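Q: Questions regarding the structure given below will be posed in turn.
Each value in this text was obtained by applying a stated rule to the coordinates, not by laboratory testing. The structure presented is a predicted model; accordingly, all values stated were derived computationally and were not measured. Cβ sites come from the backbone with ideal geometry, for glycine too, and all protein chains shown count toward neighbours.
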Amino acid sequence: MMKSINGRLQIVFVVIMLFVASKASAQPNSDYSASFQGIIDALRIVGGAIFTLAMIYGSAKMIAAGGDPKMLEEGKNIVKNAVIGLLIILAASAIPSLTPPKIEPIYFDFP
């Protein structure tokens, strides 16, 4: 049970970090935009590589199952989790493009 909760917390943390870094890199006047964009690109590359390796491993596990339902189910879970991880990476990359580029602050003048 704790492994499942820790895994979900890690996923949420990565999504939040990607969103924050993407929002910072979307600011054209930000001094940090170049470094954040480099970090985001590196995370996308690493995520894509992990996705590819997980797909190969899960597929090989399903092929090697040889009729063993437990191994077949493990392979299916690995492939399913890899696809979910890729969707999270793509969604985190798309969030900054869906938000308005510049939000003006609201100032109130109180008497």
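Q: For the range 45-94, restrict the atom set to alpha-carbon positions and state the Rg and Dmax in Å.
A: 12.1, 40
Q: Which peptide among 43-52, 84-93 comes first, and what is the full order, when sorted by highest mean count of other Cβ atoms within 10 Å? Intermediate results must be reported in sequence, preceding the final value.
A: Details: 43-52: 13.8, 84-93: 15.5.
Packing proxy ranking, top to bottom: 84-93, 43-52.
Q: Take every Cα pair under 8 Å in the range 45-94 that's 6+ residues apart, average their separations, divide by the length, and report that relative contact order as a whole percent. Provide the component values of the computation, followed by the final result.
A: On the way: 39 pairs, mean separation 20.4, N = 50.
Once divided by the residue count of the range 45-94, the mean separation gives 41 percent.
Q: Highest mean first, what order results for 53-62, 67-76 on Cβ atoms within 10 Å?
A: Numbers: 53-62: 15.2, 67-76: 12.5.
Answer by packing, highest mean first, reads 53-62, 67-76.
Q: Mind giving me the nanometre distance, one decimal, between the label points for PHE110 and ILE45, set 7 Å out from Cα along Cα→Cβ?
A: 5.1
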